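Below: one structure, written as structure tokens.
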Amino acid sequence: MRTLIRSLKIAWIFAYYRLDTFFNQPVLPWYVRALCWLMPWRYLIPARHSQARRLRLALEALGPVFIKFGQMLSTRRDLLPDDLAVELARLQDRVPPFAGEKARQIVERELKHPLSEIFAHFEPDPMASASVAQVHAATLMDGRAVVVKVIRPGIGRVIRQDVSLLYVLARMVQRLWVEGRRLRPVEVVAEYEQTIFDELDLRKEAANGSQLRRNFDGSRILYVPEIFWDYTRQNVLVMERIQGIPVADVAQLHAQGTDMKRLAERGVEIFFTQVFRDSFFHADMHPGNIFVSRDNPSDPQYIAVDFGIIGSLNAEDQSYLARNILAFFKRDYRQVAQLHIDSGWVPRDTNVHAFETAIRSVCEPIFEKPLKDISFGMVLLGLFQTARRFNMEVQPQLVLLQKTLLNIEGLGRQLYPDLDLWQTAKPFLENWMQERMGVKAVYRNVKEQAPEWLEKLPHLPQMVYDSLEQMKLHSATDAQSQRALAKEVAAERRRTRRLGLAGATLLASAAVVSNPAWLQSAADLPVAAMAAGVLGWVLLWRA
């Protein structure tokens, strides 16, 4: 019944916001377009806004799960037109808070103690409320100020219900629209499903926060609040409360005399440190999750919160990405194309020359601008969109990275419009490549692996002997396999000959028996024909 009611609500919102206009595409089957033309609301409800805005308003009307899905889609500029991506990026999580008493009950149930035994004070009115959870201020018994994040009651059921409907819509798009197969909507929904269900387990967010805090322990550029594991469960997370200025509050940052140039450059430094040094980056760095410390404005420090979405690159992706970026800014498009092929991001049989030409046609116009005006994020986007034409598979880790880079770049230029992101990033990338591939890197690898080699050295003779024995065993096994295969082939040949003989004998018998002259009585059946029939069946059985 709930699913039926929810489906009816979706249908009403679909009609009210005239989302049928998205289906007026000539690439759709004629019967889909005809059905849209026959819908009565088409002639009763005018389309008051642009398609992109109507889609955003519809998603906001559908509630938290669809809002978060739209937010995720806004980062997939490799799939969406620019106008849709920009409009969806404006989606806001405007969700009314649930009752403080309910939050109290959830915390007590999860921690198995009355609230008065855990906190000296717990604020019943939430500090912030979002689609999946809300946050309350509290004070521990030892006087430390904390925030308590509590999962919204019943949200798991709502998410499962809405995600199942999203799958239905995705399959319809994939089945009815020619472009649907390329956009792979079912995979997009599956990616979203994994992300949003991960957010329902606050222990995962806490683990991400702890790792990020270790990575930047003692850092002057980024502070990560402490996680209190004794009070953290699946539905409750307790974390150190921070005091900072929201990074989007530029007026207040100026008022306290913050060095805006250094602040913007440090945002870039944090991003590249997370990606290339740690391979563990905060992938949800929108302004609501970033603060600036009030201490020492001339040497500003960022504070990060909300670690539900984390990205990671393996060593190969790190290397290929760094070399891609450096090659791009050197305008070495052949290397960019070759790196995409070598990394496996595009198929091995891709025509390198054609790929290089396509990349050049996209990238050359970018260099008509000064370097400080070039959008790093849009460079990656252009490369990925070009690569899609050459059957580049969607790389989830690169999509997260591109989204984060766009956030960091937009934030940096909001803080300091003259930020030259390339000049900030280039020394970092060149130093990283030198450390990874230079003489120091070789020495470090040898030094790190030396203890393992020394440990194995006494066992080297036995290892060599075992390897030789294994090779002999494989050789013997291969010889046995070849002999067995030869026997099997010979047996198959004999079987084929028997089948042929049996078939010929049965045909001869059938030809004799089916002759009308011999069917006057059973006694007239030639003995030879009966014998041939019996022989044929025996041969067939033996075969």
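The values are calculated or read from the model by the stated rules, or taken from the named source; none is laboratory data. Treat the numbers as computed from the prediction; the structure is a model and nothing was measured. Positions of Cβ are generated from backbone atoms using ideal geometry, with glycine treated the same way; all protein chains shown enter the neighbour counts. Heavy atoms of the whole protein, side chains included, go into the accessibility calculation; ligands, DNA and RNA do not. Shrake-Rupley method; radii C 1.70, N 1.55, O 1.52, S 1.80 Å.
Go through the stretch 222-253 and give me each residue that's among the aromatic types (F, W, Y) and without any contact (Cβ under 8 Å) to a residue 60 or more places away in the chain.
Answer for the stretch 222-253, where residues must be among the aromatic types (F, W, Y) and without any contact (Cβ under 8 Å) to a residue 60 or more places away in the chain: just W229.
Give just the number: which of (1) closer than 30 Å to P225 by Cβ; (2) touching an Asp or Glu at 6+ places or on another chain (Cβ under 9 Å) does Y302 not satisfy?
Condition not satisfied by Y302: (2).
Where in the stretch 277-373 are the helices (runs of 4 or more DSSP H), entirely inside, with at least 3 residues that are among the polar types (S, T, N, Q) and open to solvent by less than 30 Å² (accessible area, probe 1.4 Å)?
Because the criterion is at least 3 residues that are among the polar types (S, T, N, Q) and open to solvent by less than 30 Å² (accessible area, probe 1.4 Å), the helices (runs of 4 or more DSSP H) in the stretch 277-373 that meet it are 315-329.
In the stretch 427-438, is there at least one residue being at pLDDT below 70 and not small (G, A, S)?
Within the stretch 427-438, one or more residues are at pLDDT below 70 and not small (G, A, S).
Return yes when R104 is charged (D, E, K, R) and exposed (fewer than 14 other Cβ atoms within 10 Å of the Cβ) and no when it is not.
In short, no.
Only residues in the stretch 190-201 that are on the phi < 0 side of the Ramachandran plot and touching a residue at least 24 places away in the same chain (Cβ under 8 Å) count as the first member; pair them with residues that are open to solvent by 50 Å² or more (accessible area, probe 1.4 Å) and not aromatic (F, W, Y), Cβ under 9 angstrom, at least 6 apart or cross-chain, and list the lot.
E191/P396; F197/R160; D198/K204; L200/Q234; D201/Q234
Test A128 against the criterion of being open to solvent by 40 Å² or more (accessible area, probe 1.4 Å), closer than 22 Å to F307 by Cβ and modelled with pLDDT under 95, and give yes or no.
Judged against the criteria, A128 is a match.
Going by the structure shown, is V148 within 19 Å of L202 (Cα to Cα), assigned to a strand (DSSP E or B), of a type outside the set (K, R) and at pLDDT 90 or above?
Criteria met by V148.
Mind telling me which of the residues V146, V135, V158, V150 ends up being open to solvent by 10 Å² or more (accessible area, probe 1.4 Å) and touching a strand residue (DSSP E or B) at 6+ places or on another chain (Cβ under 8 Å)?
Of the residues listed, the single one that is open to solvent by 10 Å² or more (accessible area, probe 1.4 Å) and touching a strand residue (DSSP E or B) at 6+ places or on another chain (Cβ under 8 Å) is V135.
What's the total number of residues in the stretch 111-120 that are surrounded by 12 or more Cβ atoms within 10 Å (Cβ to Cβ) and under 17 Å from G143 (Cβ atoms)?
Qualifying residue count, the stretch 111-120: 4.
Of all residues in the stretch 208-217 being closer than 16 Å to E240 by Cβ and not basic (K, R), which is surrounded by the most Cβ atoms within 10 Å (Cβ to Cβ)?
Applying the filter and picking the extreme gives G209.
Using the structure shown, decide if V188 is touching an Asp or Glu at 6+ places or on another chain (Cβ under 8 Å), farther than 20 Å from Q105 by Cβ and outside any strand (DSSP E or B). Break it down into steps so the answer makes sense when it comes.
On the way: touching an Asp or Glu at 6+ places or on another chain (Cβ under 8 Å): no; farther than 20 Å from Q105 by Cβ: yes; outside any strand (DSSP E or B): yes.
No: the conditions fail for V188.
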